1. Within the stretch B:32-66, which residues are part of a helix (DSSP H, G or I), within 28 Å of A:Glu27 (Cβ to Cβ), more than 8 Å from chain A (Cβ to nearest Cβ) and not aliphatic (A, V, I, L, M)?
2. State whether one or more residues within the stretch A:51-66 are modelled with pLDDT under 80 and within 13 Å of another protein chain (Cβ to nearest Cβ).
3. Determine, yes or no, whether A:Pro73 is modelled with pLDDT under 85 and more than 8 Å from chain B (Cβ to nearest Cβ).
4. Within the stretch A:108-131, restricting attention to residues that are β-branched (Val, Ile, Thr) and within 8 Å of another protein chain (Cβ to nearest Cβ), which residue is surrounded by the most Cβ atoms within 10 Å (Cβ to Cβ)?
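The values are calculated or read from the model by the stated rules, or taken from the named source; none is laboratory data. Note that the structure is predicted; figures quoted are calculated from it, not measured. Neighbour counts are summed over all protein chains in view; Cβ atoms, including those assigned to glycine, are modelled from backbone coordinates with ideal geometry.
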Amino acid sequence: MRKLPRLLALATRMLADRIEAEDVAQETFLRIWREAPHWQFGQARFDAWLYRVALNLCYDRLRQRREKHMAEPPDQVDPGPAPDHALDQEADRQRIAAALGSLPERQREAVVLQYYQELSNIEAAEVMSVSVEALESLLARARRNLRAYLKGDA
Amino acid sequence: MTPQRFRELTEFYGAEPQRWPVAEREGALAYMRDHAADAETVLTEALALDDMLSGYTITPPSAELRELIVASAPKAGRSNWATWLRWESAGLAGLGLAGALAGALVISAVMPVDRYGDEDDGGYAVTAFDEFSFPSEQ
């Protein structure tokens, strides 16, 4: 299983900034190096830990943004390929990124883990250290807010 | 499966059954069969949002990023990549990680699978992280 694409996708969707997401991915792997010698297979939920490390790094950066009063989202969400025939697709991508970015952070985290990372409800709840019921509440509010944002944005 | 719970499932998890909790999936699918018209109404709204969300794709990591991460690995770890594979295939991974193998562990996670073989055929495609998979949903 390749973890880097998933970590990068997680961070990109949490931060809506590709460069920062790449920094988070690199830092996550540095943390793995530091921690790996202490891991005992089968005794810890490494996947959950890995997600938590990446998410905490994302939260650090989001906090720094707030402290610097950088409320405006970056212009460029993800410098993905955007050939002429894909301009509509790119516009949709940016629109969804903006909608995700408009969510409260815990709601965004819930959607990213459950929808985009395709974790089960139990896995996502474990990563977020909440009950499944609390996760469902976050997801319901997140999807309601996303729908409202996208309707208003259309 | 009650109509209320079916609606909740779509409000929490969307319209795709594979995203629903395993324990409730079969009941929800049965509900869809038995109450097709009601289910369709509920699913349509959830599906519209799912479709929009699915448009937010992420460009895969560049070769440069992979190289940066690999280059920052401890040297001992990098040189022990082959050693790690031997340990892993011998089932010794369950004993824990030696510090010198930490770098190899990371490399196994960042390298493209096709560099070592097809993911489905086991062998080199297996990474250390596979040992840490979540347990099956209850």
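1. First, the residues of the stretch B:32-66 that are part of a helix (DSSP H, G or I): B:32-34, B:36-53, B:63-66.
Imposing the further condition that a residue be within 28 Å of A:Glu27 (Cβ to Cβ) reduces the set to B:53, B:63-66.
So of that shortlist, the ones also more than 8 Å from chain A (Cβ to nearest Cβ) come out as B:63-64.
Listed by number, the list holds a single entry, B:Glu64.
2. To start, the set of residues in the stretch A:51-66 that are modelled with pLDDT under 80 comprises none.
No, the stretch A:51-66 contains no residue that is modelled with pLDDT under 80 and within 13 Å of another protein chain (Cβ to nearest Cβ).
3. Values: modelled with pLDDT under 85: yes; more than 8 Å from chain B (Cβ to nearest Cβ): yes.
Against the criterion (modelled with pLDDT under 85 and more than 8 Å from chain B (Cβ to nearest Cβ)), A:Pro73 qualifies.
4. From the stretch A:108-131, those β-branched (Val, Ile, Thr) are A:111-112, A:122, A:127, A:130; that's our starting set.
Going one step further and asking which of them are within 8 Å of another protein chain (Cβ to nearest Cβ), we end up with A:111, A:122.
Details: A:Val111: 23, A:Ile122: 18.
Filtering first and then ranking leaves A:Val111.
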